[in-house]
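Report on the following structure.
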Amino acid sequence: MENTINRTLCKNCGICAEVCPNKVIAKNGSVHFRQEREHLCLQCGQCMAVCPSKAIKVIGLSYENDFREIPRKKADYENFMQILSSRRSVRNFKNRPVSEELIDEIVGSVSYAPFGAAPEKMEISIINNRKTIESALPLISDFFNGIEKMIENPIASGFLRLMTSKEDFHTLKNHIYPIAKGGNYKIENGDGITRGAPTIITIHAPKDAEAHTNNGVIYATYIMLAAHAIGLGATMIECVIPAINRNKKLKRIFQIPDNNEAIMSIVVGYPKYKYKRTIKRNKHKINKV
């Protein structure tokens, strides 16, 4: 099989050549795929999405199964900002399960997410069972207890610094450690980890997969916004990720292959409380040139 252009349908406008990010398509007289560059095709579908006559066929993609017409009515900026500003990180959930249909809708939003590379290597695991989630809590709590002891031990803390990136080490030391020290992650104090959520969605990928960390954060963002759009509450809980990646029992509970690493988890459920107002944070820096 190969990428093809239907000459009967092609209008030879050349738009596909302009939008192709890796210049796999060219217009020299007629529009054509450049054989010497076809190995650079990302299967991003840009060319097929922009073609006015549906003349392009990229391997692995079809107009029938992988594309849908863009609605004429688009969300304006004000409506978009209303969605963003009304979303809150929900950490209190009703004792009410989420239907499989709603979970499918939420996860389906990832189909429209951009990606850095190799989206076919990304995986999503869903635990839609509160008892299964509860079976993981003691193992996660034990991990946090171990982190607490490591941070407080100068020698162990030094090894931890060497074993992890600067970002991960500072996240553990400056964010997770103080919370763990305060007892939030101890089972006897209640579920301060998954917050009683009935559902947890975890994004993971092979450890050597291209751009999988960026992809995972993008996918988690889409999932969180989709949950909000249909009236559910959600929040990312990155704190469980190091525990999952360092415990094979947790990987089995979360349905993550040994060769994969978890990137981000999102807890989902029906909000127990309704927020009355939003908060606008401007703690980031913007540099203009």
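The values are calculated or read from the model by the stated rules, or taken from the named source; none is laboratory data. Worth saying up front: this structure is predicted, and the values here are computed from it rather than measured. When we count neighbours, we look across all protein chains shown, and the Cβ atoms used for this are built from the backbone with ideal geometry, even at glycine.
Scan the stretch 83-101 for residues that are at pLDDT 95 or above and either under 17 Å from the mean Cα position of the chain (by Cα) or surrounded by 17 or more Cβ atoms within 10 Å (Cβ to Cβ) (or both) and the total you get is 2.
Results for (1) of a type in the set (Asp, Glu); (2) over 28 Å from Asn22 (Cβ atoms), shown as yes or no for each residue.
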{"residue": "Cys41", "(1), (2)": "no, no"}
{"residue": "Gly45", "(1), (2)": "no, no"}
{"residue": "Met48", "(1), (2)": "no, no"}
{"residue": "Cys51", "(1), (2)": "no, no"}
{"residue": "Ile56", "(1), (2)": "no, no"}
{"residue": "Asp66", "(1), (2)": "yes, no"}
{"residue": "Tyr77", "(1), (2)": "no, yes"}
{"residue": "Phe80", "(1), (2)": "no, yes"}
{"residue": "Ile83", "(1), (2)": "no, yes"}
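Return yes or no: is Lys276 in a loop (DSSP other than H, G, I, E, B) and either touching a residue at least 24 places away in the same chain (Cβ under 8 Å) or over 14 Å from the mean Cα position of the chain (by Cα) (or both)? For Lys276, the condition - in a loop (DSSP other than H, G, I, E, B) and either touching a residue at least 24 places away in the same chain (Cβ under 8 Å) or over 14 Å from the mean Cα position of the chain (by Cα) (or both) - is met. The C-beta contact set for the stretch 56-67 (first residue free of Cβ contacts under 8 Å to residues at least 24 places away in the same chain and among the small types (Gly, Ala, Ser), second residue surrounded by 14 or more Cβ atoms within 10 Å (Cβ to Cβ) and part of a loop (DSSP other than H, G, I, E, B), distance under 8 angstrom, 6+ apart or interchain) comprises Gly60/Gln43.
Checking each residue in the stretch 236-273 for being over 19 Å from the mean Cα position of the chain (by Cα) and in a loop (DSSP other than H, G, I, E, B) picks out Arg246, Asn247, Asp258, Tyr270, Lys272, Tyr273.
Kindly provide the set of residues from the stretch 236-274 that are among the hydroxyl-bearing types (Ser, Thr, Tyr) and either buried (at least 21 other Cβ atoms within 10 Å of the Cβ) or outside the structural domain of Val90 (by TED's automatic domain parsing) (or both), ordered by number.
Here is the first cut: in the stretch 236-274, the ones among the hydroxyl-bearing types (Ser, Thr, Tyr) are 265, 270, 273.
Ser265 - this is the single residue of the stretch 236-274 that is among the hydroxyl-bearing types (Ser, Thr, Tyr) and either buried (at least 21 other Cβ atoms within 10 Å of the Cβ) or outside the structural domain of Val90 (by TED's automatic domain parsing) (or both).
Yes/no matrix, rows are residues, columns are (1) more than 17 Å from Pro198 (Cα to Cα); (2) of a type in the set (A, V, I, L, M, F, W, C); (3) surrounded by 12 or more Cβ atoms within 10 Å (Cβ to Cβ):
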{"residue": "Ile103", "(1), (2), (3)": "no, yes, yes"}
{"residue": "Val110", "(1), (2), (3)": "yes, yes, yes"}
{"residue": "Gly116", "(1), (2), (3)": "yes, no, yes"}
{"residue": "Pro119", "(1), (2), (3)": "yes, no, yes"}
{"residue": "Arg130", "(1), (2), (3)": "no, no, yes"}
{"residue": "Ala136", "(1), (2), (3)": "no, yes, yes"}
{"residue": "Ser157", "(1), (2), (3)": "yes, no, yes"}
{"residue": "Met163", "(1), (2), (3)": "yes, yes, no"}
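Of the listed requirements (1) part of a loop (DSSP other than H, G, I, E, B); (2) touching a residue at least 24 places away in the same chain (Cβ under 8 Å); (3) more than 30 Å from Lys280 (Cβ to Cβ), Ser125 misses just one: (1).
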